[in-house]
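The structure appears right after this line, and notes come after that.
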């Protein structure tokens, strides 16, 4: 099958770039040093490649992701790196023999883990991003509470998400060290073997965590591309030029097939003006002139919410469609 | 069923507000004066209420929307108000007895309509938004071309999308008149009965088009709310507070359950700081203090791409879940 036969918009994954990204990361962080985050691709077919590369523990952001990974036979060690109040679905997975660990940062989330039948937790620690996670000084107390309630506390996690897109590498490294000092202090109070943190932006500078939760590296986006890391853009939204006017043209890729929260998408060789629900308008003045019907690859600025808008990923080698992978971890 | 039993995040539609919005619009633009745009809700159950209110023609943005509407028995008169190059799926619907009309704005899209077996078209005219649509002076020539190729030309359409969120009503009216002068000129050249235009932002000021393609009015969002129109917010993303820290709290609604292209979402009585994939962080300093587990209704800034992130809409009356409607027009 050729990409010309695809209904546009369509999510494309360039096989060679994906392979390069997976192998580059697996060389940098082999085996258990990487706990790939599936939220960035939501695709068990892609997770299977990460597993084959030696990473048997995964990070998830939603219950649905945990369930889909378990159903795909990838439930060796699934960390839901997020707080959940109704943990019954997770408890059922644990009962069925999948290893499920959930993040807790409060009395309520510990009680919820117990109530739903979850057996293992990590203490989620705030390392500087104002989001989830307890204050570092609270981690030991919460660990005691969890153990007292019969839970296994496997260690700590803390996400330095505010540092991911910091452009200067040295600044990123210095601030990551500061953030990780909080996590290491909490780890000393909590115990357990896991010190889980990091992401694609800090994978090479975070030498304090003993596992890194990177996800975006596999597919990449234009925001991460600006960091100059050794990963290639593997994800594109394929569109067709449906209209050409004097000065601009329109491709049938819009807000419903890519996410704008990190800014406008990019099209090589031109300037994107704006996106509507099903359209991206781009400049043609002084640019190569597109024709109605031309296929165009649009580069999204943020991989995660873009993938979540699609039900299928098309693995391609240039114009050849090699495989069609369901985006089978959407929803909650 | 109560909303407390829903897996969050969950899309809620408040029945009374939806009813109010549907009836208010049907009073203002009865019967064929309104051609509801289904892209704003992507839900045939909701479209059925619009049909029952007397609107038997609908506007669609994608082939999938046209197919789903036809499959739901709502294929009396479906206008795909967008350019399409592979029209075979539309041709099959026409052959099966559904009335399908597609927008064309070029020789290529006219040829595509013929090739795929589509029988009826409208000439899409650029009325000021740099997107699809031919120059007004080209419309007559394209209509001749289409008729020469055996197509029925039902008239013209032109979307004044650049005026939808213009805050001053008088300015919106004046600029809509200017935009519609282009469409009326094109209509004089093209012939046919349809002069289709407009949206929720201009429904009350666009007295030149003979049918209005409004969609957002049914569910509404915070961007349209600022216009002071007589529509109520019917759409919410229900979330749970999963973490509370000193100064902020986090609800489990994020970029994967609402769209940020029109700005941050709103939460009554507080200030939203930022959204991540599965989180919204909001201020609690000097605000009512939320507790972990609290249910919160988040108001999205843009209805259309928010709905497209969900597979189900929950029709509610306060805390009661009345019905669960599939968002069955997603994808392409």
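Observations
- From A:304, A:252, residue being within 11 Å of another protein chain (Cβ to nearest Cβ), buried (at least 22 other Cβ atoms within 10 Å of the Cβ) and either touching a helix residue (DSSP H, G or I) at 6+ places or on another chain (Cβ under 6 Å) or at positive phi (or both): A:304
- Per-region count, the stretch A:107-159, residues part of a strand (DSSP E or B) and either more than 10 Å from chain B (Cβ to nearest Cβ) or on the phi > 0 side of the Ramachandran plot (or both): 12
- Among the residues of the stretch A:173-186, just one is over 16 Å from residue A:132 (Cβ atoms), touching a residue at least 40 places away in the same chain (Cβ under 8 Å) and buried (at least 21 other Cβ atoms within 10 Å of the Cβ), namely A:180.
- Test result for residue A:309, more than 8 Å from chain B (Cβ to nearest Cβ) and on the phi < 0 side of the Ramachandran plot: no
- Hits in the stretch A:160-172 - residues which are within 21 Å of the chain's Cα centre (by Cα) and either closer than 19 Å to residue B:279 by Cβ or part of a helix (DSSP H, G or I) (or both): A:160, A:161, A:162, A:163, A:164, A:165, A:169, A:172
- Residue that is nearest to the other protein chains (Cβ to nearest Cβ), among those in the stretch B:52-62 that are surrounded by fewer than 23 Cβ atoms within 10 Å (Cβ to Cβ) and not in a loop (DSSP other than H, G, I, E, B): B:57
- Looking only at the stretch A:266-285, and only at residues there that are assigned to a strand (DSSP E or B) and within 13 Å of chain B (Cβ to nearest Cβ), the one that is farthest from residue B:126 (Cα to Cα): A:272
- When residues of the stretch A:187-205 are limited to those that are at negative phi, assigned to a loop (DSSP other than H, G, I, E, B) and in contact with a strand residue (DSSP E or B) (Cβ under 6 Å, 6 or more places away or on another chain), the one surrounded by the most Cβ atoms within 10 Å (Cβ to Cβ): A:203
- Scanning the stretch B:14-39 for residues that are over 24 Å from residue B:63 (Cα atoms) and in contact (Cβ under 8 Å) with a residue 60 or more places away in the chain yields B:14, B:15, B:16, B:17, B:18, B:20, B:21, B:22, B:24, B:25, B:28, B:29.
- Residue within the stretch A:30-40 that is touching a strand residue (DSSP E or B) at 6+ places or on another chain (Cβ under 6 Å), in a helix (DSSP H, G or I) and closer than 23 Å to residue B:256 by Cα present: yes
- The set of residues in the stretch B:61-75 being under 20 Å from residue B:211 (Cα atoms), free of Cβ contacts under 8 Å to residues at least 60 places away in the same chain and within 17 Å of the chain's Cα centre (by Cα) consists of B:61, B:66, B:74.
- Residues of the stretch B:220-244 classified as more than 8 Å from chain A (Cβ to nearest Cβ) and either over 13 Å from residue B:298 (Cβ atoms) or assigned to a loop (DSSP other than H, G, I, E, B) (or both), total: 14
- Candidates B:247, B:263, B:331, filtered to the one that is in contact (Cβ under 8 Å) with a residue 60 or more places away in the chain and within 13 Å of another protein chain (Cβ to nearest Cβ): B:331
Throughout, read-outs are computed from the coordinates displayed, never taken from laboratory work. Quantities reported herein were computed from a predicted structural model and do not represent experimental measurements. Here the Cβ is made from the backbone with ideal geometry for all residues, glycine too, and neighbour counts use every protein chain on show.
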